[in-house]
There are 6 protein chains.
Amino acid sequence: MATVSLVQYEDASEQVKQVFDEIKRTRNVKDVNNFWKSLANHPATLRRTWESLCEVMQPGALDALTKEMIYIAVSVANNCDYCIHSHTAAAFAKGMTQTQYQELLAVIGMASETNALATAMKVPVDTQFLADADKK
Amino acid sequence: MATVSLVQYEDASEQVKQVFDEIKRTRNVKDVNNFWKSLANHPATLRRTWESLCEVMQPGALDALTKEMIYIAVSVANNCDYCIHSHTAAAFAKGMTQTQYQELLAVIGMASETNALATAMKVPVDTQFLADADKK
Amino acid sequence: MATVSLVQYEDASEQVKQVFDEIKRTRNVKDVNNFWKSLANHPATLRRTWESLCEVMQPGALDALTKEMIYIAVSVANNCDYCIHSHTAAAFAKGMTQTQYQELLAVIGMASETNALATAMKVPVDTQFLADADKK
Amino acid sequence: MATVSLVQYEDASEQVKQVFDEIKRTRNVKDVNNFWKSLANHPATLRRTWESLCEVMQPGALDALTKEMIYIAVSVANNCDYCIHSHTAAAFAKGMTQTQYQELLAVIGMASETNALATAMKVPVDTQFLADADKK
Amino acid sequence: MATVSLVQYEDASEQVKQVFDEIKRTRNVKDVNNFWKSLANHPATLRRTWESLCEVMQPGALDALTKEMIYIAVSVANNCDYCIHSHTAAAFAKGMTQTQYQELLAVIGMASETNALATAMKVPVDTQFLADADKK
Amino acid sequence: MATVSLVQYEDASEQVKQVFDEIKRTRNVKDVNNFWKSLANHPATLRRTWESLCEVMQPGALDALTKEMIYIAVSVANNCDYCIHSHTAAAFAKGMTQTQYQELLAVIGMASETNALATAMKVPVDTQFLADADKK
């Protein structure tokens with residue numbers, strides 16, 4: 001159960017309704033999902049989060065699906081239950097295949113293992129990796 | 001400073017030298033980087049990690065660069081100093097552009113923010129997201 | 001379901017009953033909450049944790065509500081389901097307003113985003129920040 | 001060493017200079033700190049992050065110092081080296097006393113311990129905590 | 001609900017059935033647990049994970065129970081719901097006593113507290129700790 | 001650099017000197033390590049942490065070395081630089097062999113990988129694992 005109320009469209013302020021309408025139009029859905037209903041308790045956070053998400057997730061040098069897969073990777077590492085479910089669903093909706101998903105999971109697992117090993121051994125960073133920022 | 005010795009090629013056992021040779025050949029480098037020198041204290045972990053990495057990171061349904069960017073995302077969320085440096089360098093070596101990198105960072109940041117918000121509010125997962133596994 | 005039994009008052013040893021009584025008296029509640037019933041499987045941890053919590057959470061230079069909000073912030077970042085629920089409830093019981101709660105959430109989200117960005121870019125710490133400990 | 005270049009004012013684009021000027025004016029500092037110089041590689045992220053930070057960190061129902069202390073708490077739990085240093089310095093600049101800081105640290109430590117214990121034992125959330133969202 | 005289907009033995013490919021058979025034989029169980037049914041969507045990950053787990057968890061310089069307790073400690077710190085349950089059960093099956101379990105929990109809690117404190121204060125590592133790798 | 005001053009014995013209050021003396025006597029060392037010098041800025045936290053550590057880390061159903069290895073595992077998963085160094089050194093001082101250390105690292109790595117995989121796939125906990133608490 002949420003620690004906040006889920007604000008339904010019919011009970012929302014004009015300010016919130018505006019953002020909800022934008023979300024519904026942009027995503028072509030009948031109702032916004034629970035994340036937005038939860039954020040709606042603070043209209044400023046609702047608007048800021050929606051606008052930031054639109055800016056960040058729009059296709060650019062990286063396509064929309066790649067961005068969703070990166071979102072999943074971070075959500076898994078941060079262990080966010082809601083986000084794992086919602087962004088895995090979003091990635092499938094954007095055309096992720098089962099094989100792509102399985103490879104994504106394998107990379108997440110592998111990275112987690114070598115992250116732990118490198119952290120445990122306090123491996124010193126090789127100078128060629130440190131120097132890279134200058135050469136880019 | 002590492003909590004383990006960095007095993008140099010000339011001091012390595014035959015078993016370790018074999019893996020080092022494979023890494024050098026595969027990656028076309030003169031010397032292996034410190035992660036492998038650290039793992040070489042346990043030849044079984046060295047071999048297993050190298051073989052797993054090759055299997056997981058080979059291009060498949062996801063290309064090599066996408067996999068590197070996912071690796072970076074996980075390494076940032078897990079806060080692995082060494083891995084952030086080495087995989088950011090690896091991604092640039094595989095052709096990641098500055099714009100792609102900047103978009104990758106923006107997605108990682110955004111995901112971290114909404115992860116925290118969704119976790120804090122304990123947002124209940126919408127049924128349409130939960131139902132997805134059946135429909136795939 | 002818990003990985004331990006929840007020790008009920010009537011089944012508890014004298015040692016455990018004493019701590020339970022202290023908690024009930026201090027908090028003016030009829031029964032202790034599940035965290036304490038879980039800890040009661042190890043009376044030494046139960047007593048130590050209760051005494052430490054009393055020492056740490058008593059109003060001092062920071063008031064009780066500020067301490068609860070910091071507790072929520074850490075629990076969210078550590079993703080502790082139980083603690084998010086119990087300390088959010090505790091903060092409301094200590095007078096946190098909805099607006100305060102919403103601002104708390106916004107700060108937690110914002111911090112998580114910039115934490116990820118700074119970690120990803122390995123931003124070098126400015127010398128004026130490093131020097132601070134000396135000047136305090 | 002950073003994985004990005006630190007963009008200096010004199011080398012910055014007009015877009016970046018504008019944000020840098022805003023930061024310097026708002027904070028009354030001669031130069032922006034490294035976090036902003038790092039973000040400046042992506043002007044959109046620079047602007048968005050600065051504006052979000054201003055919105056979130058302005059005094060409201062919570063005062064500026066309380067917000068800084070919450071920021072520290074999250075940064076510690078997320079283990080962000082840069083953020084721990086910069087926000088600890090910021091909190092002292094905003095008037096945090098040594099005693100407040102020490103109490104903040106004690107709460108962060110205590111929360112981390114009980115977070116781990118509650119997570120390990122999978123303590124079921126008491127119904128009175130779950131019911132709270134309705135009653136607020 | 002899982003984000004993947006749970007592959008049942010009767011629906012599995014020959015490749016998957018082989019691994020399932022190995023697991024059942026090695027552990028002397030009638031059916032594999034849900035983790036393996038989930039991994040079975042990617043036969044390569046299923047096989048690699050099972051073989052790695054066998055190699056890593058076999059008794060060696062550390063006995064099987066000690067390894068399970070370390071597994072629990074990591075799973076708690078990483079907050080993996082499934083893993084906490086499965087490895088706590090596995091440790092009890094391998095003979096962990098209630099007192100051992102309670103002491104394990106106390107160490108996990110204590111470590112989490114001092115981890116947070118040391119991270120918050122950015123305590124510089126004493127030179128005698130750094131020098132150790134050379135002397136081993 | 002630390003965010004706090006390191007309190008040296010000669011500058012310490014009587015209260016702090018008492019705890020420092022206890023640490024030096026118990027561990028048979030000439031000076032306390034930096035963690036304690038950092039905590040000494042808050043004598044109450046210094047005393048509480050030292051006493052809790054003694055209680056938790058004393059040999060019991062688990063021996064001192066096993067406890068140190070669990071401490072390392074948690075410190076790695078929490079990514080605490082200082083703690084990884086100090087507890088790895090402590091474990092070697094208590095007799096941990098190189099082979100034990102290498103096996104510890106392998107378990108930490110493996111657990112981190114399967115933690116991520118189980119979290120990503122939201123694997124439902126098998127009923128036999130959930131039922132265990134009752135049967136113990």
Does B:S112 satisfy being more than 16 Å from A:L104 (Cα to Cα) and facing chain A (nearest Cβ under 9 Å)?
-> yes
Qualifying positions in region D:2-33 - surrounded by fewer than 15 Cβ atoms within 10 Å (Cβ to Cβ) and not in a helix (DSSP H, G or I) = D:Q8, D:S13, D:N28, D:V29, D:K30, D:D31
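Yes/no per residue for (1) outside the structural domain of C:V4 (by TED's automatic domain parsing); (2) touching a Phe, Trp or Tyr at 6+ places or on another chain (Cβ under 6 Å); (3) free of Cβ contacts under 8 Å to residues at least 24 places away in the same chain; (4) not β-branched (V, I, T):
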{"position": "C:V32", "(1), (2), (3), (4)": "no, yes, yes, no"}
{"position": "C:W50", "(1), (2), (3), (4)": "no, no, no, yes"}
{"position": "C:S112", "(1), (2), (3), (4)": "yes, no, no, yes"}
{"position": "C:N115", "(1), (2), (3), (4)": "yes, no, yes, yes"}
Residues within region B:34-93 that are polar (S, T, N, Q), over 23 Å from F:L105 (Cβ atoms) and either in contact with a Leu (Cβ under 6 Å, 6 or more places away or on another chain) or surrounded by fewer than 21 Cβ atoms within 10 Å (Cβ to Cβ) (or both), tallied | 1
Collect the residues in region A:67-87 that are without any contact (Cβ under 8 Å) to a residue 12 or more places away in the chain and assigned to a helix (DSSP H, G or I), keeping them in residue-number order.
-> A:K67, A:I70, A:V74, A:D81, A:H85
Which numbered condition C:T49 misses (of (1) in contact with a helix residue (DSSP H, G or I) (Cβ under 8 Å, 6 or more places away or on another chain); (2) farther than 27 Å from F:A77 by Cβ) | (2)
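Out of B:A44, B:A61, B:A90, which single residue is among the small types (G, A, S) and not in a helix (DSSP H, G or I)?
Details: B:A44 fails: not in a helix (DSSP H, G or I); B:A90 fails: not in a helix (DSSP H, G or I).
Exactly one of B:A44, B:A61, B:A90 is among the small types (G, A, S) and not in a helix (DSSP H, G or I), namely B:A61.
Within region F:93-109, how many residues turn out to be assigned to a loop (DSSP other than H, G, I, E, B) and either within 8 Å of chain B (Cβ to nearest Cβ) or on the phi > 0 side of the Ramachandran plot (or both)?
So the answer is 1.
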Residue, nearest to A:D126 (Cα to Cα), within region D:1-53, restricted to residues that are more than 9 Å from every other protein chain (Cβ to nearest Cβ) and among the β-branched types (V, I, T) = D:V7
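The values are calculated or read from the model by the stated rules, or taken from the named source; none is laboratory data. Just so we're clear, the structure is a prediction, and the values are computed from it rather than from any experiment. Here the Cβ is made from the backbone with ideal geometry for all residues, glycine too, and neighbour counts use every protein chain on show.
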